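Sending over a structure as structure tokens; questions will come in a sec.
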Amino acid sequence: SQQGEEDPQALSIQEGENATMNCSYKTSINNLQWYRQNSGRGLVHLILIRSNEREKHSGRLRVTLDTSKKSSSLLITASRAADTASYFCATASSSNTGKLIFGQGTTLQVKP
Amino acid sequence: EAQVTQNPRYLITVTGKKLTVTCSQNMNHEYMSWYRQDPGLGLRQIYYSMNVEVTDKGDVPEGYKVSRKEKRNFPLILESPSPNQTSLYFCASSQGARETQYFGPGTRLLVL
């Protein structure tokens, strides 16, 4: 079942520019997570933001969460060619099962 | 080093020939999960396990079996593989269903 949906599906920018990806979801959540996947490889956790948090930073990453709009954004500042990857949001529902549900991802290409 | 390992990484097989993909984690995580990733469909959960001897179906369990006899291992079994099970498979583990998931490197399966 689809929970997080990323927007845009694909994004192409120049090195040094900022990249913003958005995620919308439908049900109430316990937390929202962002993952990165290099082509054909395993997903790597980037950041987790809990439902009572509004913003979180990690290095060049900034994540915001707006629970009233059921949306989150991931901002990568001063992008590098090495940031080229697919980025997924995953939501953990506040129900008992609580399992993560992944969106379909945003494919980011950073041109050198 | 904390990690999730999967074997084999690549597998070509024929319809109906039983196979097992192994998954092992060294982080003493209670929660383990199997996903398949297909173009345009994102990451879909096949089965998950909350702890030893506790497993449950995910979103796409048909044609798969799992077992959790030890905390560290969570093998995925395809009793009679079919071509529609050709996919990229990921094992993941976490301390809890809602927490950060650590992914294995993936197993690319082709069923002829």
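Does any residue of the range A:43-53 turn out to be more than 11 Å from every other protein chain (Cβ to nearest Cβ) and either farther than 27 Å from B:P105 by Cα or not aliphatic (A, V, I, L, M) (or both)? Break it down stepwise before answering.
Keep residues of the range A:43-53 that are more than 11 Å from every other protein chain (Cβ to nearest Cβ), which gives A:49, A:52-53.
Subset that is either farther than 27 Å from B:P105 by Cα or not aliphatic (A, V, I, L, M) (or both): A:52-53.
Scanning the range A:43-53 turns up at least one residue that is more than 11 Å from every other protein chain (Cβ to nearest Cβ) and either farther than 27 Å from B:P105 by Cα or not aliphatic (A, V, I, L, M) (or both).
Kindly indicate which of A:L32, A:L48, A:L43, A:L61 is surrounded by 12 or more Cβ atoms within 10 Å (Cβ to Cβ) and under 21 Å from A:P112 (Cα atoms).
That would be A:L61, the only listed residue that is surrounded by 12 or more Cβ atoms within 10 Å (Cβ to Cβ) and under 21 Å from A:P112 (Cα atoms).
A:H57 versus (1) under 27 Å from B:Y35 (Cα atoms); (2) away from chain B (no Cβ under 14 Å); (3) not small (G, A, S): which is the lone unmet condition?
Tallying (1) under 27 Å from B:Y35 (Cα atoms); (2) away from chain B (no Cβ under 14 Å); (3) not small (G, A, S), A:H57 fails exactly one: (1).
Further question: Please identify the pairs in which a residue from the range B:31-51 that is more than 10 Å from chain A (Cβ to nearest Cβ) and free of Cβ contacts under 8 Å to residues at least 24 places away in the same chain has its Cβ atom under 7 Å from the Cβ atom of a residue that is surrounded by fewer than 20 Cβ atoms within 10 Å (Cβ to Cβ) and not in a strand (DSSP E or B), counting only partners at least 6 apart or on another chain.
Sorted first by the residue in the range B:31-51, then by its partner, the pairs are B:N51/B:E30.
Let me ask something else about it. Tally time: how many residues in the range B:20-45 are crowded, with 18+ Cβ neighbours inside 10 Å and within 21 Å of B:L112 (Cα to Cα)?
Residues that pass the stated criteria total 4.
Follow-up. Take the residues in the range A:78-104 that are at pLDDT 95 or above and surrounded by fewer than 14 Cβ atoms within 10 Å (Cβ to Cβ), then tell me which one is farthest from the other protein chains (Cβ to nearest Cβ).
A:A78
For the range B:46-67, which residues satisfy the criterion of being open to solvent by 70 Å² or more (accessible area, probe 1.4 Å) and at pLDDT 95 or above?
Of everything in the range B:46-67, those that are open to solvent by 70 Å² or more (accessible area, probe 1.4 Å) and at pLDDT 95 or above turn out to be B:E62, B:K65.
Scan the range B:86-112 for residues that are facing chain A (nearest Cβ under 7 Å), of a type in the set (A, V, I, L, M, F, W, C) and closer than 17 Å to B:Q3 by Cα and jot them down.
Hits for the range B:86-112 are B:F90, B:F103.
Within the range A:69-89, which residues are farther than 14 Å from A:R50 by Cα and of a type in the set (S, T, Y)?
Matches in the range A:69-89: A:T77, A:S79, A:T84, A:S86, A:Y87.
Here's a follow-up. Among the residues that make up the range B:90-100, is at least one of them aromatic (F, W, Y), crowded, with 19+ Cβ neighbours inside 10 Å, closer than 20 Å to A:F102 by Cβ and touching a Gly at 6+ places or on another chain (Cβ under 7 Å)?
Yes - at least one qualifying residue is present in the range B:90-100.
When the range A:29-60 is examined, which residues are found to be assigned to a loop (DSSP other than H, G, I, E, B) and farther than 18 Å from B:G104 by Cα?
Selection gives A:S51, A:N52, A:E53, A:R54, A:G59, A:R60.
Looking at the range A:13-34, which of its residues are closer than 18 Å to A:R60 by Cα and either more than 10 Å from the chain's Cα centre (by Cα) or more than 8 Å from chain B (Cβ to nearest Cβ) (or both)?
Taking the range A:13-34 first, the residues closer than 18 Å to A:R60 by Cα are A:13-22, A:33-34.
If the condition is that a residue be closer than 18 Å to A:R60 by Cα and either more than 10 Å from the chain's Cα centre (by Cα) or more than 8 Å from chain B (Cβ to nearest Cβ) (or both), then A:I13, A:Q14, A:E15, A:G16, A:E17, A:N18, A:A19, A:T20, A:M21, A:N22, A:W34 are the ones that fit.
Being more than 17 Å from B:G104 (Cα to Cα) and either in a loop (DSSP other than H, G, I, E, B) or more than 12 Å from the chain's Cα centre (by Cα) (or both) is the filter here; which residues of the range B:69-83 pass it?
Residues satisfying the conditions are B:K69, B:E70, B:E79, B:S80, B:P81, B:S82, B:P83.
The values are calculated or read from the model by the stated rules, or taken from the named source; none is laboratory data. All figures in this text were calculated on a predicted structure; none of them were measured in a lab. Every residue, glycine as well, gets a Cβ built from its backbone with ideal geometry; the counts of neighbours run over all protein chains shown. For the accessible areas, the whole protein counts, side chains as well, though only heavy atoms, and no ligand, DNA or RNA atoms are used. Shrake-Rupley method; radii C 1.70, N 1.55, O 1.52, S 1.80 Å.
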